[in-house]
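Each remark here refers to the structure printed beneath this line.
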Amino acid sequence: MLRFVKPGFGTILPEDRRAHEEWITDLTGHDYVIEGWHCDLSTGIFSVGEMAQRLHALEREFCGLLDIIRGYAENHRKIVLSILEEATATASSFCYCTDTAAGPVYCIGTSTIDAPAASGRMQGVFAFSAVDR
């Protein structure tokens, strides 16, 4: 497990490239499958890869926020929702970890906000244990 975050934990910081890079470095130093994702904030549509689709029990590559968090541990959903909502309000770096039926999932991301249109983009990676994948 990553040393900076355990299931049920998350953090959000003002956009901080150094923290984001350290989190990614910590992920790549372990045996995880890492897959990119992004979200267009003007539509709220997420685009996720094949592994994330399976882990989140999604039927297709494009989905909404509630589709993603539905598969998370019930007591973690509020934490994840709060982090992602805050990330849509201001440029941020964030990470969280939660449990799913298939095991823990880690998310590291950043958000950029285009003012004054309140649009922008969130993007990042999901990481999953390479064991049993």
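The values are calculated or read from the model by the stated rules, or taken from the named source; none is laboratory data. Since the structure is predicted, the reported quantities are computational estimates derived from the model, not experimental observations. Cβ placement follows ideal geometry from the backbone for every residue including glycine, while neighbour counts extend to all protein chains displayed.
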From 38, 56, 20, 30, grab the single residue that is in contact (Cβ under 8 Å) with a residue 24 or more places away in the chain and touching a helix residue (DSSP H, G or I) at 6+ places or on another chain (Cβ under 7 Å).
-> 56
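Hey, which of the helices (runs of 4 or more DSSP H) in the stretch 1-117, taking only ones fully inside, have at least 2 residues that are within 22 Å of residue 129 (Cα to Cα) and over 13 Å from the mean Cα position of the chain (by Cα)?
Details: elements: 17-28, 50-55, 65-69, 74-89.
Those helices (runs of 4 or more DSSP H) span 17-28, 50-55, 74-89.
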Enumeration of residues in the stretch 53-71 that are at pLDDT below 90 and closer than 26 Å to residue 22 by Cβ = 55, 56
Within the bounds of the stretch 5-23, is there any residue that is closer than 23 Å to residue 74 by Cα, crowded, with 18+ Cβ neighbours inside 10 Å, at pLDDT 90 or above and not aromatic (Phe, Trp, Tyr)?
-> no
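I need the full set of residues from the stretch 39-63 which are within 18 Å of residue 84 (Cα to Cα), of a type outside the set (Ser, Thr, Tyr) and in contact with a Cys (Cβ under 9 Å, 6 or more places away or on another chain), in order please.
Going residue by residue through the stretch 39-63, those that are within 18 Å of residue 84 (Cα to Cα) are 39-48, 52, 56, 62-63.
Now narrow it down to the ones that are of a type outside the set (Ser, Thr, Tyr): 39-41, 44-46, 48, 52, 56, 62-63.
Once the filter is applied, which keeps residues that are within 18 Å of residue 84 (Cα to Cα), of a type outside the set (Ser, Thr, Tyr) and in contact with a Cys (Cβ under 9 Å, 6 or more places away or on another chain), the stretch 39-63 yields 45, 46, 48, 56.
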Output the qualifying pairs, or none if there are none: Cβ atoms under 7 angstrom, residues six or more apart or on different chains, first residue in the stretch 118-129 and in contact (Cβ under 8 Å) with a residue 24 or more places away in the chain and closer than 14 Å to residue 98 by Cβ, second residue crowded, with 21+ Cβ neighbours inside 10 Å and among the small types (Gly, Ala, Ser).
-> 126/52
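Is one or more of the residues making up the stretch 81-91 under 22 Å from residue 30 (Cα atoms) and surrounded by 15 or more Cβ atoms within 10 Å (Cβ to Cβ)? Working first, answer last.
First, the residues of the stretch 81-91 that are under 22 Å from residue 30 (Cα atoms): none.
Looking through the stretch 81-91, none of the residues is under 22 Å from residue 30 (Cα atoms) and surrounded by 15 or more Cβ atoms within 10 Å (Cβ to Cβ).
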